[in-house]
Amino acid sequence: MSAPISNVRPAPDSVLVDIVDYVLDFPIDSTLALDTARNCLIDTLGCGLEALTYPACTKLMGPIVPGTIVPNGAKVPGTSFQLDPVQAAFNIGAMIRWLDFNDTWLAAEWGHPSDNLGGILATADWLSRSAIAAGKQPLTMKDVLIGMIKAHEIQGCIALENSFNKVGLDHVLLVKLASTAVVGQMIGLTRDELINAVSQAFVDGHALRTYRHAPNTGSRKSWAAGDATSRAVRLALIAKTGEMGYPSVLTAKTWGFYDVLFKGNAFKFQRPYGSYVMENVLFKISFPAEFHAQTAVEAAMTLHAQLQSAGKRVEDIKKITIRTHEAAIRIIDKKGPLNNPADRDHCIQYMIAVPLIHGRLTAADYEDSIAQDTRIDVLRAKMECVEDAQFTKDYHDPEKRSIANALTIEFNDGSTFDEVVVEYPIGHKRRREDGIPLLVEKFKTNLARRFPVKQQLAILDVSLDQARLEAMPVNEYVDLYVI
């Protein structure tokens, strides 16, 4: 017989310790990271404001029990709701992810680090209102920006070398993990309590990717991150009570995360935690499209203009070749019927067809009213994805981090357009100079969807001023967004 498993409680797994020590002790002094975090903040909130124009999203907003108002609770931007921090985190997290328009991180695992803002902003707002009620000082927006930087870093650095999608788990696992660590620090957990909280995030149940893939693609992918970041707030609050943790949650033989859910493999790390992820994050600026298709949509917009100038129609097209990278083929190369907006915004063929036909791609273009245009499916059937090994290599290269796509159109008469190649989307770090002004315009457009002019200007006045924003109490900033 084998020896029984030792019941001696081990020291915490190093992965837990490294996360906690980073959150508690690492100083954020990168001007680039803080400036990028401010742009990330306004872009993320703007995405949420746009989502509030969709009933499918707003039906999930508000308290669990209708009519509940929480004294000193967190307010939900763009609404009149004031909720407990767990439910506020769900509301904020769901609205900012709903339209697949907030930031992106692409590596071995994909994800959207600004999803963590749900838990971070809700907790910071609740803590600030509670502090003021007790005659104490509120948190400032710099605390929120630092929390964002650290959540981005935790989620993004783990994602660099570790693929959860390959074992069927959804990337919102990393949102829950990062949010738990950052929110735990915000509510004042001790080092031991924070290790306990982070261990709870790993031992928790984890979302499957079922809702992201055919034949089950559906709208849960739009609220899954809200669910994850709100769960993080709950776990942090549980740890605050002194609830125990599970120190070898990752490495325990048979029963640990690695053996149960990661095929026995330990996490690999490319770099220590710092501020790299926020500094290099990808913004979705021009198109609400799954990020692996962003450059394909840019290329399709160029080809639409060429079709117009050449006097050709989409009906004249015989074949479209999409030269792309492996991740795009795995996630968004999709044939057959598309059943809902969530299905369509994860289909590279759909995201190319719409701009070829209309010269645009907006969130509304995923709705049934546009999708019923038969020309879209006719064009989709003419498209073929082909992996380019160099594109795949450059996608993983930490010095490049490209998301390249190239489109070639062949016509019925045998003629072709020259291939259009786009390696880096407008939201890439290499295109910040071009991208940030457009990001600000996107924010202005989203503010105008929800607020009168005077309120828009008040929000813009502080949001575009780094020093003023950092110094502003969290509750005062959130109050600017109240309906």
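The values are calculated or read from the model by the stated rules, or taken from the named source; none is laboratory data. All figures in this text were calculated on a predicted structure; none of them were measured in a lab. Note that we place each Cβ from the backbone using ideal geometry, even for glycine, and neighbour counts take in every protein chain shown. For accessibility, only protein heavy atoms count, side chains too; no ligands or nucleic acids. Shrake-Rupley method; radii C 1.70, N 1.55, O 1.52, S 1.80 Å.
Taking the Cβ of residue 475 as the centre, find all other residues whose Cβ is under 13 Å away and add up their charges (Lys, Arg: +1; Asp, Glu: -1).
Values: positive: 75, 129, 136; negative: 125, 143, 476, 479.
Neighbourhood net charge equals -1.
Accessible area of the range 137-274 with a 1.4 Å probe: how many percent of it is carbon plus sulfur?
On the way: 2650 of 5200 Å².
Carbon-and-sulfur percentage of accessible area, whole number: 51.
Amide H to amide H, which residues 5 or more places from residue 282 or on other chains are under 5 Å from it, using H placed in the peptide plane?
For residue 282, the qualifying residues are 104.
Would you work out what percent of the accessible area of the range 370-428, with all protein chains in place, is carbon or sulfur (probe 1.4 Å)?
Details: 1340 of 2820 Å².
Carbon and sulfur atoms account for 47 percent of the accessible area of the range 370-428.
Label points 7 Å out from Cα along the Cβ direction at residue 384 and residue 309: separation in nm?
2.8 nm
Excluding ligands and nucleic acids, what accessible area in Å² is computed for residue 127 using a 1.4 Å probe, to the nearest 10?
Rounded to the nearest 10, that gives 40 Å².
Taking the Cα centre of the chain as the origin, how large is its charge dipole in debye, to the nearest 20, when only Lys and Arg (+1) and Asp and Glu (-1) carry charge on their Cβ atoms?
Details: 50 positive and 57 negative charges, 152 e Å.
Approximately 740 debye in magnitude.
For the chain, with every protein chain kept in place, what is the accessible area per residue (1.4 Å probe, Å²)?
Values: 18950 Å² over 483 residues.
In whole numbers, the chain has 39 Å² accessible per residue.
If 101, 269 are ordered by their accessible area, calculated over protein heavy atoms with a 1.4 Å probe, which sequence runs from highest to lowest?
Details: 101 20, 269 85 Å².
So the residues, ranked largest to smallest area, are 269, 101.
Only sites in a loop by DSSP and with at most 10 other Cβ atoms within 10 Å count here; which GluC sites (Glu not before Pro) in the range 341-447 make the cut? Walk me through the numbers on the way to the answer.
Details: sites: 367, 384, 387, 399, 410, 419, 423, 433, 441; in loops: 367, 399, 419, 423.
Those satisfying the criteria are 399.
Post the alpha-carbon centroid distance, the range 192-207 to the range 215-266, in whole angstrom.
The two parts, judged by their Cα centres, are 6 Å apart.
Where does the chain land at 222 nm, in deg cm²/dmol rounded to the nearest 500, when only DSSP H runs of n ≥ 4 count, each adding -39500 (n - 2.57), divided by all residues?
On the way: 22 runs with 246 residues, N = 483.
Using -39500 (n - 2.57) per qualifying helix, the result is -15500 deg cm²/dmol.
What distance in nm lies between label points placed 7 Å from Cα along the C-beta direction at residue 458 and residue 265?
5.1 nm
For residue 243 paired with residue 220, estimate the spin-label separation in nm (one decimal), with each label point 7 Å from Cα along the Cα-to-Cβ line.
With each label placed 7 Å out from Cα toward Cβ, I get 2.2 nm.
When the Cα centres of the range 356-420 and the range 66-134 are compared, how far apart do they sit, in Å?
34 Å
Given contacts defined as C-alpha pairs under 8 Å and at least six residues apart, what's the relative contact order of the chain, whole-number percent?
20 percent
Remind me, relative contact order of the range 66-192 in percent, using alpha carbon pairs under 8 angstrom and six or more residues apart?
Numbers: 175 pairs, mean separation 31.6, N = 127.
So the answer I get is 25 percent.
Quick check: the angle from helix 432-448's long axis to the longest principal axis of the chain, C-alpha only, nearest 10 degrees?
Around 80 degrees separate the two axes.
Report, to the nearest 10°, how far helix 141-161 tilts away from the longest principal axis of the Cα atoms in the chain, using its own Cα long axis and a range of 0 to 90°.
On a 0 to 90 degree scale, this one is about 70.
Could you go through the range 198-211 in sequence order and give the Karplus-derived ³J(HN,Hα) for each residue, using 6.51 cos²θ - 1.76 cosθ + 1.60 with θ = phi - 60°, rounded to whole Hz, and x for Gly and Pro?
For the range 198-211, the Karplus curve yields 5, 5, 5, 5, 6, 6, 5, x, 10, 5, 7, 8, 3, 6 Hz.
Loop by DSSP (not H, G, I, E, B), at most 15 other beta-carbon atoms within 10 Å: where is the longest site-free stretch of the chain for trypsin sites (Lys or Arg not before Pro)?
Working: sites that count: 59, 136, 253, 263, 268, 313, 335, 360, 400, 449.
That gives 137-252 as the longest site-free run.
For Kirkwood radius over Cα pairs in Å, which listed value, [x] 23.1; [y] 22.2; [z] 24.4, comes from the coordinates shown?
Among [x] 23.1; [y] 22.2; [z] 24.4, the one derived from this structure is [x].
Among 86, 154, 437, flag the residue with its Cα farthest along the positive direction of the charge dipole of the chain, charges on Cβ as +1 for Lys/Arg and -1 for Asp/Glu.
It is 86, whose Cα lies furthest towards the positive end.
What are the lysines whose alpha-carbon lies under 28 Å from the alpha-carbon of residue 166, with same-chain residues fewer than 8 places away excluded?
150, 176, 221, 253, 263, 268, 284, 334, 335, 393, 400, 429
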